[in-house]
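Participant: First the structure, which I've put down as structure tokens, then a few questions once you've had a look.
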Amino acid sequence: MCEWSRKGLGHANHGHFLHSRSPEALGAAKTMRIILALALCSLTAAVPSENRKLSDKATTLAERSTTLAFNLYHAMAKDKSMENILLSPVVVASSLGLVSLGGKATTASQAKAVLSADKLNDDYVHSGLSELLNEVSNSTARNVTWKIGNRLYGPASINFADDFVKNSKKHYNYEHSKINFRDKRSALKSINEWAAQTTDGKLPEVTKDVEKTDGALIVNAMFFKPHWDEKFHHKMVDNRGFMVTRSYTVGVPMMHRTGLYNYYDDETEKLQVVEMPLAHKLSSMIFIMPNHVEPLERVEKLLNKEQLKTWSSKMKKRSVAISLPKVILEVSHDLQKHLADLGLTEAIDKTKADLSKISGKKDLYLSNVFHAAALEWDTEGNPYDADIYGREEMRNPKLFYADHPFIFMIKDNKTNSILFIGRLVRPKGDKMRDEL
């Protein structure tokens, strides 16, 4: 029974209704007390998720997932062939949790170590990640669109252990499926169709090929669409150039609006940081952009948890004229190599992996970790206060003109975790012209 019920029933003999001497009145009063107590219970249970306090476990795992965000981003940014990056650190954390759940000995401990959670016991990690994932994926409370599908594919010969299936579903909402790569075309079609269905068609393809077909595959498929706290006017959109490099420009639809935003102009590092709240203000998008067209490598070297805190502490709310490309970004990464760079070496090694808690047999290894996401933002958002434009504080806005590569993050303000981190280097668009 909840606290309200205990208090209500425990003090029933002191109620105003009990002053009557008739048994009928006493009974009616007691019944009313119970009804009131239960009603208060319902109200307590219905406290919006944004008002519920996170457990220490979830708070700790949120902090560790943020460390993972920067570590993995840096590992991927070293790949010179990579252009756009799009990662959900909390979802990658759940994949590491899954490996830890299905692994034994060093295979399991390495997965926890990549998450900086090797000093935490297994139950702490699994329950903390589970709570964190449930919290941040509550898209109704946050008024965003976030569709997530997680699936573990095993070889056709595998028999998934009941405990593993139950616990991976409970903590990480993972589905499990057998797949037969003897007919590779059919197998790939099955994976891509599942991803498309999971994301309502926003992510039509996870991969064109799978080289290693004798192991287990982790597949994350996601679609995220933010809803701005203050919308862009749909008429304030035109075609502009986005400079991929100084000599290559593509045409993109560019949205424009002026509003009050957290903003910092880092004159020392020659970059700008702006934070745009999303609807309900439970999350926000942070954009980090060098002042001029340049490879992002210099700015990326600055990126870490401490630097983000420093920039956040220096941001001030002020008038900013923002020009931002409308974006439809579809990116699929095979994270196996990058996770190996961070220390996940045993699970992906056929001769060393011990994933025997997945099937009861020590004959399974992780051949691929596909992390595929579609991100889309446009003008949509909450109505804005038109009266603000006559105020003194709106004069002399700073200009944030995103017509060249930038880094972005989607940050959850309650858990302080990073839902997505990425960079836009080459948006969709036709070549416009060569710059001199």
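The values are calculated or read from the model by the stated rules, or taken from the named source; none is laboratory data. Computed from a predicted model, the values in this text were never measured in an experiment. No Cβ is skipped: glycine too gets one built from the backbone with ideal geometry, and neighbour counts run over all protein chains shown.
Participant: Contact list please: Cβ distance under 8 Å, first residue in segment 399-421 and touching a residue at least 60 places away in the same chain (Cβ under 8 Å) and surrounded by fewer than 20 Cβ atoms within 10 Å (Cβ to Cβ), second residue part of a strand (DSSP E or B) and charged (D, E, K, R), pairs at least six apart or on different chains.
Facilitator: Pairs that qualify, where the first residue is touching a residue at least 60 places away in the same chain (Cβ under 8 Å) and surrounded by fewer than 20 Cβ atoms within 10 Å (Cβ to Cβ) and the partner is part of a strand (DSSP E or B) and charged (D, E, K, R), are 403/240.
Participant: Return the residues of segment 141-198 that are farther than 20 Å from residue 97 by Cα, surrounded by fewer than 19 Cβ atoms within 10 Å (Cβ to Cβ), touching a residue at least 60 places away in the same chain (Cβ under 8 Å) and among the aliphatic types (A, V, I, L, M); say none if nothing qualifies.
Facilitator: Residue satisfying the conditions is 141 alone.
Participant: Given the conditions (1) aliphatic (A, V, I, L, M); (2) assigned to a helix (DSSP H, G or I); (3) modelled with pLDDT of 95 or more, which single one is not true for residue 43?
Facilitator: The number of the failed condition is (3).
Participant: Within the group 353, 372, which residue is in the same structural domain as residue 77 (by TED's automatic domain parsing) and within 24 Å of residue 148 (Cα to Cα)?
Facilitator: That would be 372, the only listed residue that is in the same structural domain as residue 77 (by TED's automatic domain parsing) and within 24 Å of residue 148 (Cα to Cα).
Participant: Report whether or not residue 59 is under 17 Å from residue 419 (Cβ atoms) and surrounded by fewer than 19 Cβ atoms within 10 Å (Cβ to Cβ).
Facilitator: Against the criterion (under 17 Å from residue 419 (Cβ atoms) and surrounded by fewer than 19 Cβ atoms within 10 Å (Cβ to Cβ)), residue 59 qualifies.
Participant: Checking residue 318 against (1) in contact with a Gly (Cβ under 8 Å, 6 or more places away or on another chain); (2) surrounded by 15 or more Cβ atoms within 10 Å (Cβ to Cβ); (3) not aromatic (Phe, Trp, Tyr), which test does it fail?
Facilitator: The failed condition is (1).
Participant: Of all strands (runs of 3 or more DSSP E) completely enclosed by segment 395-436, which ones contain at least 1 residues that are within 21 Å of residue 63 (Cβ to Cβ)?
Facilitator: 406-412, 418-424
Participant: How many of the residues making up segment 377-394 are modelled with pLDDT of 90 or more and either part of a strand (DSSP E or B) or hydrophobic (A, V, I, L, M, F, W, C) (or both)? Before the answer, list the steps.
Facilitator: Taking segment 377-394 as the starting set, the residues that turn out to be modelled with pLDDT of 90 or more are 377-383.
Next, only the ones that are either part of a strand (DSSP E or B) or hydrophobic (A, V, I, L, M, F, W, C) (or both) stay: 377, 381.
Residues in segment 377-394 being modelled with pLDDT of 90 or more and either part of a strand (DSSP E or B) or hydrophobic (A, V, I, L, M, F, W, C) (or both): 2 in total.
Participant: Just one of the numbered conditions (1) without any contact (Cβ under 8 Å) to a residue 40 or more places away in the chain; (2) assigned to a helix (DSSP H, G or I); (3) surrounded by 15 or more Cβ atoms within 10 Å (Cβ to Cβ); (4) not assigned by TED's automatic domain parsing to the domain that holds residue 101 is not true of residue 311; which one?
Facilitator: Status for residue 311: all satisfied but (1).
Participant: Still on this structure, please answer the following. Could you list, in sequence order, all residues of segment 70-84 that are closer than 13 Å to residue 337 by Cα and of a type in the set (Gly, Ala, Ser)?
Facilitator: 75, 77
Participant: Right, another one. Out of segment 218-247, which residues are under 30 Å from residue 177 (Cα atoms) and of a type in the set (A, V, I, L, M)?
Facilitator: Taking segment 218-247 first, the residues under 30 Å from residue 177 (Cα atoms) are 218-225.
Once the filter is applied, which keeps residues that are under 30 Å from residue 177 (Cα atoms) and of a type in the set (A, V, I, L, M), segment 218-247 yields 218, 219, 221, 222.
Participant: Something else now. Any residue at all in segment 280-288 that's small (Gly, Ala, Ser) and under 28 Å from residue 150 (Cβ atoms)?
Facilitator: Within segment 280-288 (the criterion being small (Gly, Ala, Ser) and under 28 Å from residue 150 (Cβ atoms)), the answer is yes, since at least one residue qualifies.
Participant: With the condition kept exactly as written, say whether any residue in segment 304-324 is closer than 15 Å to residue 423 by Cα and either out of contact with any Phe, Trp or Tyr (no Cβ under 6 Å at 6 or more places or on another chain) or modelled with pLDDT under 95 (or both).
Facilitator: yes
Participant: For segment 229-273, which positions are in contact with a strand residue (DSSP E or B) (Cβ under 6 Å, 6 or more places away or on another chain), of a type in the set (Gly, Ala, Ser) and within 16 Å of residue 286 (Cα to Cα)?
Facilitator: Within segment 229-273, no residue meets the criteria.
Participant: Name the residue, out of 60, 66, that is over 14 Å from the mean Cα position of the chain (by Cα) and in a helix (DSSP H, G or I). First the steps, then the outcome.
Facilitator: Values: 66 fails: over 14 Å from the mean Cα position of the chain (by Cα).
None of the others qualify; the one that does is 60.
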